[in-house]
Amino acid sequence: MKTIIRGTWLFLALIIGGCGDKIDLEAAAVPLAAGIDLDDNNQLRFYVSNPVFGDKNNEEQQYNIPVTSLRESRSIQDAYTSGALEGRNYQVYVVGRKLLQHENWFKILDVVFRDARNTVLDRMVAFNGPLEEMFTVKTDNQPPLPVILRGMVDSKSKRGATVLTTVQDMHRQIFEEALTPSLSEVTYDAKQKSFRLSGTTLLTHKGKYATSIGFQESVLLNLLKKDATKGVSLSFAIPGEPNSDFFSLNRASFSVRDIDTKIKSSYSNNNFHFLIRMKVSAAMTEQLFTLDIQQHADILERKLSQQMQKQLEKLIRKFQKHQIDPVGFGIYARAYQYRHYKENENNWGEAFSDAEIKCEVKVTINSMGTVK
Amino acid sequence: MDNKTLTRGFRKYRDVATRVEPARTDPLEVDLRQNFEKLKEIFSNTPDLINRRFILKADNRQALLAYLEGLSDKSSINRDILTPLKQGTAEINGINDFPATIGEFHQLTDWGQVEHMLFAGYSILFIDGEKVAYACGSQGWPQRAIEDPQLETSLKGAHQGFVETGGANVALIRRYIPNRELKIKQFTIGARSQTKLSILYLSDVANIQTLNVLEERLSKLDVDAVINTGELAELIEDSPFSPFPQFILTERPDAASSQILQGKFVIVVDRSPSALVGPVNFISFFQSVDDYSTRWTIATFIRMLRLLAFFIAILLPAIYISVVSFHFEVIPMKLLSTIGQSRAKVPFPPYMEAVFMELTLEMLREAGVRLPAPVGQTVGIVGGIVIGQAIVQAGLISNIMVVVVAFTAIASFILPNYDMGAAVRLVRFAMMLFASLFGFVGIVVGLMTLIAHLLSLKSLGVPYSTPFGPVRFRDWKDTMVRIPIWLMKNRPTSSNAQQDTRQGDTGHPREDERH
């Protein structure tokens, strides 16, 4: 009898307790894309793209609200929807260019990390323009904004054409002194009325916009970061080959079969030195000029190596000019030259800009493709 | 609590309840007429008792043959008892030289025996001037022909199922194991039903301690009647409050025999077309006879399919509930809009939706089982409306829920054992309750409780969850994978067999030729 009574109590305690934070899917608004930017009056605005579950497919509710802080304005965020806004399903988190002009904007996102309910695996995207534009455009013949943005970032980052930075990654990159953040960059092509992934946005250590790089440069960045998967494609103009008047015929492209990147650091003359050794084994995918690879592979290999080395050096010079280190050379410095790194810890960007960096690239062609 | 009141209540009940009278011990009379009177007195209002009076040809004495119509084989009585006694001239010289041409023959001395034998279908011969009666084995009652097993159909196994006669069932098993070590222990259970039980086992293989446990439980039984094997299972199982079956009830002689060969015990209950197998473990409910006659790779695949189905059948509706009402962040983006759209039109919360649909499914199943075949078709048609597009269009249930229910149904149909399937159906609802209260946390707690329960269960004192807990790696050969039969040289450790190795030393079948 005692056990029965105890059991009943236990059962009732369980049933009546339940979980207070239960919320059914249809009672919640589950925005798939969120964005923050400054508007024309320099007021911070929060942008939301919310799927509307109705009879129609692909219906999205998009609105924006002025905010002071994200959590403080939660009730205003809710106000536009029938359900309670839940930040659990964000696929992309977009940041407008105007916000990126200011330092320390990342601190606004504190709630995303502090409230464990929020997702941190959403892709962070920098939008090259005012967010207002992005969240008002109705893309008729395209999937909804969150779907297309996420798809863009995921597929392009696989090919190395941009970086894949989740909000969690961004958190790490901001708080890591030894490198600077990089985000996928999306532009609105007004002429073709569609969004376009345009490469990678590089930020300073404080999160301020530094510069943007294109696809090829992004691939190189990924190769340097050792993030590039096999199969990324590079294309170079080979000097000395004849060119046509309207289109270039001097291009050679290859996909990377295998890559071995080694970065060595040293310190001398009050400067950091980095030596980058890159061994690329390449499969030719395009070659517009005539060259018998079977006979003269070494010539092409040499030329490709030169070009790649040149572009790498140019890219690194660009980083140095903007005092940014998206590759994370600082991590090598911290690992191998800790004493010197420690001195420059708080202004690593500056120290990096003075560093001497040498590249040695060796391309080996191991496949010429199926035609001669 | 107040134990005294309770006991008193029970005692009172026990006193009032009519008990079956103890067996008679009064001896038979010498005078046939007195015996006849006594017979009529004992069997009053028994119109199916036939009393045939005749005169023995050999010595002109009066005789009386009594038998219960319907329990006896009439032609056998005419041919083998009445004819030789009425026409033959051989004298009756006690039981060893009796003129009747019948196999089984007993000498009875008191009325208790007479009563017992009559009900067992024997015909009783009283002879004037003898203080004993003779019971002739002329039993014969309505019997069903041996048919294909109904519940446990198999593709490649034998097509003979058990019938309602215990003796025939024992014979069916004996056909598989013609070995003198196959022992049969008989018990009679049920004060009124006098049901005969036979425990079958291999005396040089099966574990004696387990046998003792079984015998002890059977001998302690004091019930009115045991009609079916299922009742017996419930009376002797280890944990009566568990939803999980602790014995296998099989209607296949081949399955029962293979269990005996593994060192298990099989109880054949007279009048019941299924035999009880014990001790069993959890995984044996996922084994089927066909597993051993299909190729081992395929059998292994099917085993894993069943285990997967077990978890799907238990968890899928619960996972649906917790995902939709707690953790929609785990839904992939594209699925989210699909689920969202189908959920948007439904006025009920997910757990209600799920409980409603699962209950409907259970009702359909139950209706399908009990309905006679001609009406049964209607269930299918009506069921298609309830679990189908119509209910979605009516806006009562979401598309996804229908798919979930269909999945669960298919998954629970795969389980080869009906009792395990029934347990799964029940556990599913508990899981749904947990999920609707606590989401994934609830499911995990539910699963932990379930596993703890399975680990604590025993079947005839043998742990239910072997070989997984306690871990017996050697026995894993016939669990999730079914290794080739020529590699299964040992009996499962779970049956604690005296003989660990099976007879014979067959290695790879083509081993000799390979060299």
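The values are calculated or read from the model by the stated rules, or taken from the named source; none is laboratory data. Everything numeric here is computed off the predicted structure, so don't read it as measured data. Ideal geometry is used to build each Cβ from the backbone, glycine not excepted, and the neighbour counts take in all protein chains shown.
Would you pick out the residues in the range B:446-474 that are within 14 Å of another protein chain (Cβ to nearest Cβ) and either touching a Phe, Trp or Tyr at 6+ places or on another chain (Cβ under 6 Å) or under 14 Å from B:PHE285 (Cβ atoms) (or both)?
Once the filter is applied, which keeps residues that are within 14 Å of another protein chain (Cβ to nearest Cβ) and either touching a Phe, Trp or Tyr at 6+ places or on another chain (Cβ under 6 Å) or under 14 Å from B:PHE285 (Cβ atoms) (or both), the range B:446-474 yields only B:GLY446.
Being over 23 Å from the mean Cα position of the chain (by Cα) and in contact (Cβ under 8 Å) with a residue 24 or more places away in the chain is true for just one of B:ARG252, B:ARG271, B:ARG343, B:ARG295. Which residue is that?
After ruling out the rest, the residue left standing is B:ARG343.
Could you tell me whether any residue of the range B:311-334 is surrounded by fewer than 20 Cβ atoms within 10 Å (Cβ to Cβ), free of Cβ contacts under 8 Å to residues at least 24 places away in the same chain and more than 14 Å from chain A (Cβ to nearest Cβ)?
Yes, some residue in the range B:311-334 is surrounded by fewer than 20 Cβ atoms within 10 Å (Cβ to Cβ), free of Cβ contacts under 8 Å to residues at least 24 places away in the same chain and more than 14 Å from chain A (Cβ to nearest Cβ).
Tell me whether the range B:361-379 contains one or more residues that are within 14 Å of chain A (Cβ to nearest Cβ) and either polar (S, T, N, Q) or over 30 Å from A:ILE16 (Cβ atoms) (or both).
Checked the range B:361-379: no residue is within 14 Å of chain A (Cβ to nearest Cβ) and either polar (S, T, N, Q) or over 30 Å from A:ILE16 (Cβ atoms) (or both).
Select, from B:ALA452, B:ALA435, the only residue that is over 20 Å from the mean Cα position of the chain (by Cα) and touching a residue at least 60 places away in the same chain (Cβ under 8 Å).
Result: B:ALA435 is the single residue among B:ALA452, B:ALA435 that is over 20 Å from the mean Cα position of the chain (by Cα) and touching a residue at least 60 places away in the same chain (Cβ under 8 Å).
Any residue at all in the range A:80-92 that is in a strand (DSSP E or B), more than 22 Å from the chain's Cα centre (by Cα) and within 14 Å of another protein chain (Cβ to nearest Cβ)?
So far as the range A:80-92 goes, yes, one or more of its residues are in a strand (DSSP E or B), more than 22 Å from the chain's Cα centre (by Cα) and within 14 Å of another protein chain (Cβ to nearest Cβ).
Every residue, every condition in (1) assigned by TED's automatic domain parsing to the domain that holds A:LYS318; (2) of a type in the set (S, T, N, Q); (3) not in a loop (DSSP other than H, G, I, E, B), yes or no:
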| residue | (1), (2), (3) |
| --- | --- |
| A:HIS171 | no, no, yes |
| A:SER184 | no, yes, yes |
| A:GLN192 | no, yes, no |
| A:LEU197 | no, no, yes |
| A:ALA252 | yes, no, yes |
| A:SER255 | yes, yes, yes |
| A:ASP260 | yes, no, yes |
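Are there any pairs, at least 6 apart or on different chains, whose C-beta atoms fall under 7 Å, with the first in the range A:66-80 and among the charged types (D, E, K, R) and the second part of a helix (DSSP H, G or I) and surrounded by 12 or more Cβ atoms within 10 Å (Cβ to Cβ), and if so, which?
These pairs meet every condition: A:ARG71/A:VAL111.
Which condition from (1) crowded, with 16+ Cβ neighbours inside 10 Å; (2) within 14 Å of chain A (Cβ to nearest Cβ) is the one that B:ALA411 breaks?
The number of the failed condition is (2).
Filter the range A:32-54 down to the residues that are within 11 Å of another protein chain (Cβ to nearest Cβ) and in a strand (DSSP E or B) and list them by number.
Hits for the range A:32-54 are A:ALA33, A:ASN50, A:PRO51.
Would you confirm, using the coordinates I've provided, whether B:ARG175 is of a type in the set (D, E, K, R) and either surrounded by 15 or more Cβ atoms within 10 Å (Cβ to Cβ) or at pLDDT 90 or above (or both)?
So B:ARG175 fits the description; yes.
Could you give every pair whose Cβ atoms fall below 6 Å, whose first residue belongs to the range A:1-14 and is facing another protein chain (nearest Cβ under 10 Å), and whose second residue is among the aliphatic types (A, V, I, L, M), counting only separations of at least 6 or pairs across chains?
A:MET1/B:MET1
Any idea which of A:LYS318, A:LYS358 is surrounded by fewer than 19 Cβ atoms within 10 Å (Cβ to Cβ), in contact with a His (Cβ under 8 Å, 6 or more places away or on another chain) and either closer than 19 Å to A:PHE236 by Cα or of a type in the set (D, E, K, R) (or both)?
A:LYS358
Does the range A:55-76 hold any residues that are over 27 Å from the mean Cα position of the chain (by Cα), more than 11 Å from every other protein chain (Cβ to nearest Cβ) and of a type outside the set (Gly, Ala, Ser), and which are they?
Within the range A:55-76, A:GLU72, A:ARG74, A:ILE76 qualify.
All but one of (1) among the hydroxyl-bearing types (Ser, Thr, Tyr); (2) at pLDDT 75 or above; (3) out of contact with any Asp or Glu (no Cβ under 8 Å at 6 or more places or on another chain); (4) in a loop (DSSP other than H, G, I, E, B) hold for B:THR18; which doesn't?
For B:THR18, the exception is condition (2).
Tally the residues that are within 19 Å of A:GLN62 (Cβ to Cβ), part of a helix (DSSP H, G or I) and more than 14 Å from chain B (Cβ to nearest Cβ), restricting the search to the range A:105-154.
So the count comes out to 6.
Please find, within the range A:186-206, the residue that is farthest from the chain's Cα centre (by Cα) out of those that are crowded, with 22+ Cβ neighbours inside 10 Å and closer than 17 Å to A:VAL327 by Cα.
A:HIS205
Considering only the range B:218-233, state which residues are out of contact with any Leu (no Cβ under 8 Å at 6 or more places or on another chain) and surrounded by 14 or more Cβ atoms within 10 Å (Cβ to Cβ).
B:ILE227, B:ASN228, B:GLU231
Is there a residue being surrounded by fewer than 20 Cβ atoms within 10 Å (Cβ to Cβ), over 25 Å from the mean Cα position of the chain (by Cα), facing another protein chain (nearest Cβ under 10 Å) and without any contact (Cβ under 8 Å) to a residue 40 or more places away in the chain anywhere in the range A:22-31? First the steps, then the outcome.
Residues of the range A:22-31 surrounded by fewer than 20 Cβ atoms within 10 Å (Cβ to Cβ): A:22-24, A:27-28.
After this cut, where a residue has to be over 25 Å from the mean Cα position of the chain (by Cα) as well, the list is A:22-24, A:27-28.
Going one step further and asking which of them are facing another protein chain (nearest Cβ under 10 Å), we end up with A:22-24, A:27-28.
Now narrow it down to the ones that are without any contact (Cβ under 8 Å) to a residue 40 or more places away in the chain: A:22, A:24.
Within the range A:22-31 (the criterion being surrounded by fewer than 20 Cβ atoms within 10 Å (Cβ to Cβ), over 25 Å from the mean Cα position of the chain (by Cα), facing another protein chain (nearest Cβ under 10 Å) and without any contact (Cβ under 8 Å) to a residue 40 or more places away in the chain), the answer is yes, since at least one residue qualifies.
Enumerate the helices (runs of 4 or more DSSP H) found wholly within the range A:265-372, keeping only those where 1 or more residues are in contact with an Asp or Glu (Cβ under 6 Å, 6 or more places away or on another chain).
Fully inside the range A:265-372 and qualifying: A:293-321, A:348-354.
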